[in-house]
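> Quick one: the structure is below, and I'll ask about it shortly.
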Amino acid sequence: MSELKLMKGNEALAEAAIRAGVDAYFGYPITPQSEVIEYLMTEQPEKRTGMVVLQAESEIAAINMVYGAASTGKKVMTSSSSPGISLKLEGISYIAGAELPAVIVNVVRGGPGLGTIQPSQADYFQSVKGGGHGDYKLYVLAPASVQEMSDFVEDAFDIAFKYRAPVLILSDGLIGQMMEKVVLKDQQERLTDEEVIKKYDSWATTGKTNRERNIITSLDLQSEKMEARVHRLMKKYEQMELEDTRYEEFQTEDAEYLFVAYGSSSRIAQKAVKLARKKGIKAGLVRPITLFPYPKKVLFKLANQVKGILSVELNAGQMIEDVLLSVEHKVPVAHFGRTGGIIHTPEEVLEALEQKIIKNGSIRHHKTRESSIL
Amino acid sequence: MAKVKGAIVVNTEVCKGCEVCIPVCPEDVIGMTAEVNMKGYHYAYMKNPQACTGCTNCAIVCPDRAISVYRVKVSA
Amino acid sequence: MEVLDIIKPENQVFCKSKLMTDTTLSYCPGCGHGTAHNLTMEVIDEMGIVENTIGVAPVGCSVLAYDFMNIDMTQAAHGRAPAVATAIARCWPEKYVFTYQGDGDLAAIGTAETIHTCNRGENIVIIFVNNGIYGMTGGQMAPTTLEGMRSSTSPYGREAKTMGMPIKMTELVANLPGVYYATRQSVHTHKHARKAKKAIKKAFENTRLKKGLSFIEIVSNCNSGWKMNPNESNIWMEEHMFPYFPLGDIKVNGKLK
């Protein structure tokens with residue numbers, strides 16, 4: 001039966017994995033998400049559900065373990081944080097190319113380089129503009145609460161197996177570390193080995209029975225075959241865009257100004273909307289839940305209604321590019337965001353709206369990036 | 001004791017003419033043809049077919065498994 | 001007795017294993033990879049375990065192993081086959097899982113995966129073909145390239161001072177408790193090939209008995225990389241590779257020899 005608990009984001013995600021019937025988790029310690037594997041090691045899910053939990057020797061080994069388990073049709077995931085995700089990107093590209101279902105979690109910290117362990121949203125480009133090599137995309141879910149850290153595990157696996165593709169849960173140190181109430185779902189039975197074989201016998205490498213052998217590879221030395229593979233991937237992304245784009249609107253019905261923000265920034269922007277409305281400024285918020293596929297349509301539509309848009313992100317300006325692409329410069333778009341792990345306050349966000357959009361309201365696209373963060 | 005007679009069949013299009021089978025044959029049965037196969041490789045053949053005992057040495061070291069081996073007992 | 005009387009189906013005593021496909025091997029003429037492939041498939045065929053066997057191919061000359069091995073196979077990123085195999089073996093404890101890797105894959109980029117997979121004693125077989133060179137990419141120096149041995153990235157011969165000495169991976173992993181069986185074989189003559197086959201069989205038996213990790217190094221030739229003809233390369237291998245990489249069992253039933 002579902003349960004109400006007070007949990008850390010990282011722990012809620014780990015518990016949700018067990019309850020979603022995940023078969024294997026391969027991880028590696030890195031702040032701010034080590035709680036995921038710590039929780040799993042303490043919980044010993046192999047006793048509860050038979051789930052395999054293993055701490056690998058590196059993030060690179062971990063993602064390749066994910067690749068291995070996924071190639072046999074098992075439900076498998078890993079989690080890490082920014083520098084660790086950079087190490088995993090080759091593996092992720094392989095998983096995408098080999099068309100394997102898997103879930104990767106990035107609890108983002110400040111970067112680049114070793115950066116900081118404080119929260120950040122500076123991995124947006126890495127997550128939605130590819131990150132690894134080659135023509136591939138990741139379906140990216142951005143949780144904004146401990147509840148979504150839990151719920152998105154199952155959602156992510158549904159997408160991963162629907163499309164046989166890697167899915168990224170893009171969280172951050174804030175969401176991962178804070179504690180909130182969370183309603184945990186009921187335990188979902190893991191598939192038995194026989195069920196896995198039966199269900200995925202057409203592609204999974206579980207042992208050649210009386211069928212042609214299955215091969216999992218992302219290698220196609222013949223260009224025509226490689227192009228066909230790329231087209232297969234692109235088809236999936238088109239379908240994702242049509243069927244599985246997710247976002248949320250907050251007080252946009254009469255909005256004259258719009259915030260666009262995801263994850264932890266969206267919670268702060270939501271407060272900024274309330275502050276603005278108190279001052280008579282009709283602000284609204286669009287919260288992208290999937291960062292790919294990006295909710296272009298709703299922004300394009302709202303661009304006819306609002307006088308300006310502020311992209312609020314804990315980085316130096318990344319998602320703003322997708323906002324600009326979505327609204328096609330119909331209205332002024334500006335960026336605001338603290339970096340280095342500092343969390344902007346609602347007041348700062350509102351002030352940025354007033355300074356950058358309401359006061360000068362000019363079309364900003366000619367400005368270089370530096371000015372937008374100073 | 002009953003004598004044993006052997007013979008090998010070389011898949012001439014698979015053989016790459018590497019000659020690794022030659023030094024392992026105890027009876028010096030194998031030689032390389034003057035002709036070449038479709039890929040331009042000289043290929044192995046039984047230079048001394050009578051000497052073959054079917055011991056499979058050549059077949060087991062052949063990287064491309066181009067050699068099949070036959071063996072039969074014959075009364076003296 | 002005419003040859004044609006001998007060549008009859010009932011008289012056949014050896015032929016290609018049915019677990020090898022009909023695809024022409026991409027390996028250079030006389031390369032040991034082909035023989036190592038065949039011996040492995042013959043063992044799997046003879047043990048009747050193909051339905052529960054999953055192979056993991058590396059990046060390197062044997063990256064296309066799955067085109068030649070007629071079994072379920074997954075192709076791993078360069079150096080990561082042991083990690084891929086670990087996950088498969090953990091998720092499918094009853095399966096026979098093996099990796100098939102070259103020296104660059106296993107002893108250079110994949111060193112960490114090799115060491116830690118062995119250290120965890122995963123119940124898998126690692127087949128490690130050591131030919132002292134990066135073959136696929138055209139003959140560069142590998143972790144097992146011998147001192148003084150030329151390659152495209154050690155054109156004047158490997159120099160220990162600047163490039164270090166070749167790594168003896170099998171002795172190295174044999175010292176890890178997780179390794180149950182560690183042996184070094186070769187496949188260039190019938191004697192060596194038969195011994196190598198026994199070793200491979202013992203390794204898969206260890207998997208069946210859940211004894212932990214079996215590590216099989218196969219010292220092999222690379223005639224193209226070494227710029228010799230196949231038979232010359234095998235002689236050179238005996239004279240130069242074997243003294244540095246001595247053949248034989250290094251650890252059996254969990255005990256160092």
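The values are calculated or read from the model by the stated rules, or taken from the named source; none is laboratory data. Predicted model only: the values in this text are computed from it and were never measured. Virtual Cβ from ideal backbone geometry, glycine too; neighbours counted across all protein chains shown.
> Report, by residue number, each residue of region A:194-204 that is assigned to a helix (DSSP H, G or I) and in contact (Cβ under 8 Å) with a residue 12 or more places away in the chain. Quick ask: steps written out before the conclusion?
As a first pass, look at region A:194-204 and keep what is assigned to a helix (DSSP H, G or I): A:194-200.
If the condition is that a residue be assigned to a helix (DSSP H, G or I) and in contact (Cβ under 8 Å) with a residue 12 or more places away in the chain, then A:V196, A:I197, A:K199, A:Y200 are the ones that fit.
> A further question on this structure: Every residue in region A:54-111 that is within 11 Å of chain C (Cβ to nearest Cβ) and among the β-branched types (V, I, T), please.
Listed by number, the residues that qualify are A:I60, A:I63, A:V66, A:T72, A:V76, A:T78, A:I92, A:I95.
> Next up: Looking at region A:216-237, I want the residues that are closer than 19 Å to A:G130 by Cα and have a partner that is of a type in the set (V, I, T) with Cβ atoms under 7 Å, at least 6 apart or on another chain. Which pairs are those?
Cβ pairs passing all conditions: A:L219/C:V63.
> Among the residues of region C:195-213, how many are closer than 24 Å to C:M237 by Cα and more than 14 Å from chain B (Cβ to nearest Cβ)?
Number of matching residues: 1.
> Another question, if that's okay. Residues A:V182, A:V167: which one is under 21 Å from C:C91 (Cα atoms) and either at the interface with chain C (Cβ under 10 Å from one of its Cβ atoms) or touching a strand residue (DSSP E or B) at 6+ places or on another chain (Cβ under 8 Å) (or both)?
Step by step, each of A:V182, A:V167 is checked, and only A:V167 is under 21 Å from C:C91 (Cα atoms) and either at the interface with chain C (Cβ under 10 Å from one of its Cβ atoms) or touching a strand residue (DSSP E or B) at 6+ places or on another chain (Cβ under 8 Å) (or both).
> Do the conditions hold for A:G115, that is, is it more than 19 Å from A:Y237 (Cβ to Cβ), within 17 Å of the chain's Cα centre (by Cα) and not in a strand (DSSP E or B)?
The answer is no for A:G115.
> Can you tell which of A:E35, A:E43, A:E57 is of a type in the set (D, E, K, R) and either buried (at least 24 other Cβ atoms within 10 Å of the Cβ) or closer than 24 Å to C:I124 by Cα (or both)?
Result of the check over A:E35, A:E43, A:E57: A:E57.
> Name the single residue, out of those in region A:337-352 being in contact with a strand residue (DSSP E or B) (Cβ under 9 Å, 6 or more places away or on another chain) and of a type in the set (D, E), that is nearest to A:S82 (Cα to Cα).
Within region A:337-352, the match that is nearest to A:S82 (Cα to Cα) is A:E348.
> I've got another one for you. Answer yes or no: is there a residue in region C:245-252 that is among the small types (G, A, S) and in a helix (DSSP H, G or I). It would help to see each step written out before you state the result.
From region C:245-252, those among the small types (G, A, S) are C:248; that's our starting set.
Checking the rest, the ones that are also in a helix (DSSP H, G or I) come to none.
No; the residues of region C:245-252 include none that is among the small types (G, A, S) and in a helix (DSSP H, G or I).
> Another question, if that's okay. Could you list all residues from region B:48-76 that are small (G, A, S) and at negative phi? If you could, list the steps in order and put the result at the bottom.
We begin by selecting, within region B:48-76, every residue small (G, A, S); these are B:51, B:54, B:59, B:66, B:68, B:75-76.
Across region B:48-76, the qualifying residues are B:A51, B:A59, B:A66, B:S68, B:S75, B:A76.
> Quick check, is A:G131 surrounded by 19 or more Cβ atoms within 10 Å (Cβ to Cβ) and either of a type in the set (F, W, Y) or closer than 22 Å to A:M234 by Cα (or both)?
Criteria met by A:G131.
> Taking only region C:85-96 into account, find how many residues are of a type outside the set (S, T, N, Q) and touching an Asp or Glu at 6+ places or on another chain (Cβ under 9 Å).
6
> Considering only residues that are surrounded by 24 or more Cβ atoms within 10 Å (Cβ to Cβ), more than 8 Å from every other protein chain (Cβ to nearest Cβ) and either assigned to a helix (DSSP H, G or I) or over 13 Å from the mean Cα position of the chain (by Cα) (or both), which ones fall in region C:48-68?
C:C61, C:S62, C:A65, C:F68
> Take A:L141 and tell me if it is buried (at least 24 other Cβ atoms within 10 Å of the Cβ), in contact (Cβ under 8 Å) with a residue 60 or more places away in the chain and in contact with an Asp or Glu (Cβ under 8 Å, 6 or more places away or on another chain).
yes
> Answer with yes or no whether C:N221 is within 14 Å of chain B (Cβ to nearest Cβ) and in a helix (DSSP H, G or I).
So C:N221 does not fit the description; no.
> Follow-up question, since we're still on this one. Mind listing just one residue for me: the one in region A:176-193 that is acidic (D, E) and assigned to a loop (DSSP other than H, G, I, E, B) and, of those, nearest to A:V153 (Cα to Cα)?
The residue in question is A:D186.
> If you don't mind, another one. Based on what the data block shows, is A:K8 under 18 Å from A:S150 (Cα atoms), surrounded by 24 or more Cβ atoms within 10 Å (Cβ to Cβ) and in the same structural domain as A:L114 (by TED's automatic domain parsing)? Before the answer, list the steps.
Working: under 18 Å from A:S150 (Cα atoms): yes; surrounded by 24 or more Cβ atoms within 10 Å (Cβ to Cβ): no; in the same structural domain as A:L114 (by TED's automatic domain parsing): yes.
No; evaluated as a whole, the condition is false for this residue.
> If you don't mind, there's one more thing I want to ask. Take the conditions in contact with a helix residue (DSSP H, G or I) (Cβ under 8 Å, 6 or more places away or on another chain), without any contact (Cβ under 8 Å) to a residue 12 or more places away in the chain and either at positive phi or in a helix (DSSP H, G or I) (or both) and apply them to A:G207. Does it pass?
Values: in contact with a helix residue (DSSP H, G or I) (Cβ under 8 Å, 6 or more places away or on another chain): yes; without any contact (Cβ under 8 Å) to a residue 12 or more places away in the chain: yes; either at positive phi or in a helix (DSSP H, G or I) (or both): yes.
In short, yes.
> Oh, and also: Residues in region B:49-60 that are within 11 Å of chain C (Cβ to nearest Cβ), more than 19 Å from C:T35 (Cα to Cα) and without any contact (Cβ under 8 Å) to a residue 40 or more places away in the chain: how many?
1
> Going by what's in this entry, would C:A36 be described as in contact (Cβ under 8 Å) with a residue 40 or more places away in the chain, in a helix (DSSP H, G or I), of a type outside the set (S, T, Y) and more than 8 Å from chain B (Cβ to nearest Cβ)?
yes
> Would you mind finding the one in A:S127, A:S86 that is within 22 Å of A:P29 (Cα to Cα), in the same structural domain as A:S218 (by TED's automatic domain parsing), under 13 Å from the mean Cα position of the chain (by Cα) and of a type in the set (G, A, S)?
When all the criteria are applied, what remains is A:S127.
> Give me a count of the residues in region A:302-317 that are closer than 13 Å to A:A276 by Cβ and in contact with a Leu (Cβ under 6 Å, 6 or more places away or on another chain).
Number satisfying all stated conditions: 2.
> Also, I was wondering about something else. If you check B:V4 against the conditions, is it modelled with pLDDT under 95, assigned to a strand (DSSP E or B) and of a type in the set (V, I, T)? Working first, answer last.
Numbers: modelled with pLDDT under 95: yes; assigned to a strand (DSSP E or B): yes; of a type in the set (V, I, T): yes.
The answer is yes for B:V4.
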